[in-house]
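As structure tokens, the structure follows; a few thoughts come after it.
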Amino acid sequence: ANEYVILFVVYTPTCAIRRRVFSWMIALCLPLVLWCGGNGAVGDIVSALSSEGYLDIKTLLLVLLSSMIVLEVFRFFRVGGSVIYAVLASLAACCVISNPGFTVRWDIILSFIAAPLMAFLFSAGIRALFKVVFAKVRVHLIAMSYHMRLAVIIAILMTVCALGLNWGGMLYGVGRMMAGEKAAMTGMLVIVEVMLLISLHYEKGRADEPYGPFADFSIYAVVSVGLSVASVMLFFSFEASASAIGLSPVPLSVTSLVMSAIAGVEAAQGSRLVGNAEYVKEAVAFTAVPACSFVLTYLTLHMIGGESADHLVDFVVIGAAVLILSALSFAGYARRQHRQKDAMDRLVYVQQQ
């Protein structure tokens, strides 16, 4: 639900569609597209992380619990993270422990790295194209607003399709490991409907005016970000497109794609849209959240009786755990120092006034 909000709130500054119409359109279209994407190639990555093709209830509980603990710890330090990446990393730890013949799928790892880079390049290219075309073509402002509103609506529809096709395989793949196909598909749609109803509940009562960190975005930036994110998610939703450049279909984090697309727009138009702190937080979340989820699941499986296939992996995981704990301790110390400095600055300001 967090990533859903981040993805679609980008379109809010345009006011192209009323908020209630926009929300109900997504609520009706997204489950249908998720159903269509359930049998997509993205679900194969989830099956590849289970040597037996299913998860017992103990392993499932461990995967979800480890992922949620890691995400909550990082949110305590005001750093977000992708639930998808956390769950996949936790599943990978289970696979390493239980499968002696486990080999690293570099095509999958490279896909996760390539997706934000492609979002950056696509958004920069689209924004530069807008800049060149509108500099040469003389169009009245009212006509331009009409055409850009149509572009926003097309971007919204593309985003809904891309999200459903990309995440449908992920949700269905996890459900298929726990139950039969019909139960997995039914459970997936029930979860999606609950998420959408929760989102609609929080949207109720809001005005149609823009809000949030994207309120100052121009309509050109919004369309560039939306089209680039949708294109990248569609690209990594099909085997034919991803394998054409030696990569694999993977479920993607919306937050990392949106921030990469915003950076591409900034590079194309030569102006800043968000602060450096947001990029630093996203970089930390992109790398540290899945790493911590993997380490926590791996160590927990050891404590409850799992056996590792390679002692070198044990050494690497323990070293990573020490580094992560040291980094979190330093982050907590830096946060306390920052809060003390803010309190002192406020006190000095009050005394000066």
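The values are calculated or read from the model by the stated rules, or taken from the named source; none is laboratory data. Quantities reported herein were computed from a predicted structural model and do not represent experimental measurements. Here the Cβ positions follow ideal geometry from the backbone for every residue, glycine too, while neighbour counts run over all protein chains shown. Please note that ligands, DNA and RNA were not included when accessible areas were found on the heavy atoms of the full protein model with its side chains. Shrake-Rupley method; radii C 1.70, N 1.55, O 1.52, S 1.80 Å.
Return the pairs, sorted by first residue and then second, in which the second residue is of a type outside the set (D, E, K, R) and at pLDDT 85 or above, the first residue lies in segment 277-288 and is more than 17 Å from LEU117 (Cα to Cα), the beta carbons are less than 6 Å apart, and the residues are 6+ apart or on different chains.
Note: no pairs meet the criteria.
Could you list all residues from segment 131-153 that are open to solvent by 60 Å² or more (accessible area, probe 1.4 Å), in contact (Cβ under 8 Å) with a residue 24 or more places away in the chain and of a type in the set (Val, Ile, Thr)?
none
If you scan segment 111-168, which residues turn out to be of a type in the set (Gly, Ala, Ser), at pLDDT below 85 and more than 17 Å from VAL223 (Cα to Cα)?
Once the filter is applied, which keeps residues that are of a type in the set (Gly, Ala, Ser), at pLDDT below 85 and more than 17 Å from VAL223 (Cα to Cα), segment 111-168 yields ALA135, GLY164, GLY168.
Looking at segment 212-262, which of its residues are open to solvent by 30 Å² or more (accessible area, probe 1.4 Å), more than 21 Å from ALA277 (Cβ to Cβ) and either within 17 Å of the chain's Cα centre (by Cα) or not small (Gly, Ala, Ser) (or both)?
Across segment 212-262, the qualifying residues are ILE219, TYR220, LEU227, SER231, LEU234, PHE235, PHE238, GLU239, ILE245.
Could you tell me how many of the residues in segment 263-276 are free of Cβ contacts under 8 Å to residues at least 60 places away in the same chain and assigned to a loop (DSSP other than H, G, I, E, B)?
Counting residues in segment 263-276 that are free of Cβ contacts under 8 Å to residues at least 60 places away in the same chain and assigned to a loop (DSSP other than H, G, I, E, B) gives 5.
In segment 10-85, which helices (runs of 4 or more DSSP H) lie fully inside it and hold 3 or more residues that are open to solvent by less than 30 Å² (accessible area, probe 1.4 Å) and at pLDDT 75 or above?
19-37, 57-76
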